[in-house]
1. Residues that are surrounded by fewer than 21 Cβ atoms within 10 Å (Cβ to Cβ) and within 30 Å of residue 231 (Cα to Cα): does segment 414-429 have at least one?
2. Scan segment 455-475 for residues that are loosely packed, with under 15 Cβ neighbours inside 10 Å and within 30 Å of residue 163 (Cα to Cα) and jot them down.
3. Does residue 15 satisfy being under 24 Å from the mean Cα position of the chain (by Cα) and either modelled with pLDDT of 95 or more or closer than 18 Å to residue 191 by Cα (or both)?
4. Is it the case that segment 46-64 has a residue that's touching a residue at least 60 places away in the same chain (Cβ under 8 Å), under 25 Å from the mean Cα position of the chain (by Cα) and more than 18 Å from residue 169 (Cβ to Cβ)?
5. Where in segment 129-211 are the helices (runs of 4 or more DSSP H), entirely inside, with at least 3 residues that are touching a strand residue (DSSP E or B) at 6+ places or on another chain (Cβ under 9 Å), assigned by TED's automatic domain parsing to the domain that holds residue 80 and farther than 20 Å from residue 30 by Cβ?
6. Residue 337: touching a helix residue (DSSP H, G or I) at 6+ places or on another chain (Cβ under 7 Å) and under 18 Å from residue 288 (Cα atoms), yes or no?
7. Go through segment 304-330 and give me each residue that's outside any helix (DSSP H, G or I), crowded, with 18+ Cβ neighbours inside 10 Å and under 29 Å from the mean Cα position of the chain (by Cα).
8. Go through segment 169-205 and count every residue that is more than 16 Å from residue 63 (Cβ to Cβ), modelled with pLDDT of 95 or more and surrounded by fewer than 21 Cβ atoms within 10 Å (Cβ to Cβ).
């Protein structure tokens with residue numbers, strides 16, 4: 001079955017099945033117009049056309065987005081239903097998770113959340129006008145955050161990046177071209193079509209374009225990634241994808257990367273006080289491992305257990321591993337569900353079962369698996385862990401866990417809370433970007449920093465208008481006097 005995915009250019013829906021692509025899940029295809037035939041229409045021809053969206057107040061932007069959110073109800077939005085149907089076939093998520101995610105997209109468009117995002121991530125007064133600051137040199141510096149012409153290279157592991165991209169583009173008053181991913185080519189299109197149905201001439205609608213092209217298509221990207229056509233590239237992607245995009249970076253184009261990261265967990269010795277505590281902590285860890293079927297960057301892959309590596313410690317680790325596996329199986333269908341394990345990962349698991357005395361494996365197949373190392377080292381294929389397969393590593397000393405952290409580490413879930421407070425600075429020095437209470441890795445405060453930066457501030461262009469009250473000659477005289485004094 002082939003699904004048609006239209007091209008959206010600033011309020012216009014362009015049909016046509018010029019090209020057919022395979023989604024990342026084998027056997028799924030979608031057709032779409034050839035972006036190369038519309039390449040001159042994609043970039044904003046005149047940057048001055050951003051004036052209409054900058055004329056809106058933040059409250060006007062919020063009101064429109066909230067109205068869009070009220071239309072993003074899965075049971076009555078045909079565009080969202082098409083995206084949902086395709087996502088079931090193209091993504092790495094089980095049907096229950098897909099339904100839960102699409103069923104909650106509207107909550108991201110709630111006015112209170114968007115207002116919090118705009119205020120926390122940028123500052124509404126900087127979005128709505130020029131903000132004066134008195135400077136030490138006696139001048140007044142008026143500062144304003146302006147939008148930019150941007151390309152968003154979206155991620156498709158879950159639908160949220162598409163929704164957040166729409167919201168971020170509107171808040172920053174930018175003009176965006178969304179490049180959709182092959183494992184989710186339809187969500188951003190569905191949101192854009194909902195905006196068009198609501199008001200095709202609204203400035204927020206008119207500054208959003210959505211299309212699919214194969215990453216690396218030079219016929220498209222050589223034309224788009226030019227400083228006379230765009231100011232910023234916001235890219236979610238792997239190392240190869242980001243390295244390719246980086247080739248286009250030159251003065252006038254800013255690259256903002258949301259790289260895939262690896263996340264982990266740390267469980268302190270208090271977890272092993274008794275069976276009840278072990279079971280509670282295992283339930284928390286199961287959420288961090290298996291929510292979204294371990295498709296998100298925030299999902300835990302490796303967990304360090306401060307239980308010791310002597311015989312008694314290994315017994316505790318193995319029992320805890322069984323509890324974690326049981327807790328994963330008990331998660332509701334909207335949170336996690338059985339999923340096929342990648343072939344390469346399945347082969348690694350089979351090799352451990354057959355030939356390794358250093359690992360104990362609980363589970364396997366679509367149910368997922370928990371690998372408990374019998375030494376204080378993670379498996380050498382830890383970056384491959386996915387689809388509810390996790391590795392627990394017993395240690396005597398949590399310094400091993402701290403030293404495992406690198407700049408590739410995103411989220412670290414920690415239990416108990418006082419251990420997080422004790423370790424967080426050291427973890428950050430080593431490269432960690434987020435520490436969180438165990439069980440909450442996938443409940444991010446989306447109005448805060450992301451990947452160790454504040455992306456919305458970077459998506460803006462920060463402009464100054466400087467006012468000097470005194471005469472230039474007086475300034476020169478003052479500088480000369482200071483120079484003579486210093487001499």
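1. no
2. 462, 463
3. Numbers: under 24 Å from the mean Cα position of the chain (by Cα): no; either modelled with pLDDT of 95 or more or closer than 18 Å to residue 191 by Cα (or both): yes.
Against the criterion (under 24 Å from the mean Cα position of the chain (by Cα) and either modelled with pLDDT of 95 or more or closer than 18 Å to residue 191 by Cα (or both)), residue 15 does not qualify.
4. No, there is no match, as no residue in segment 46-64 is touching a residue at least 60 places away in the same chain (Cβ under 8 Å), under 25 Å from the mean Cα position of the chain (by Cα) and more than 18 Å from residue 169 (Cβ to Cβ).
5. In segment 129-211, 160-171 are the helices (runs of 4 or more DSSP H) which contain 3 or more residues that are touching a strand residue (DSSP E or B) at 6+ places or on another chain (Cβ under 9 Å), assigned by TED's automatic domain parsing to the domain that holds residue 80 and farther than 20 Å from residue 30 by Cβ.
6. Numbers: touching a helix residue (DSSP H, G or I) at 6+ places or on another chain (Cβ under 7 Å): yes; under 18 Å from residue 288 (Cα atoms): yes.
When the stated conditions are applied, residue 337 passes them.
7. As a first pass, look at segment 304-330 and keep what is outside any helix (DSSP H, G or I): 304-310, 330.
Narrowing the set further to residues that are crowded, with 18+ Cβ neighbours inside 10 Å leaves 304-309.
Result: 304, 305.
8. 3
The values are calculated or read from the model by the stated rules, or taken from the named source; none is laboratory data. Everything numeric here is computed off the predicted structure, so don't read it as measured data. Heads up, the Cβs are rebuilt from the backbone with ideal geometry, glycines too, and the neighbour counts pull from every protein chain shown.
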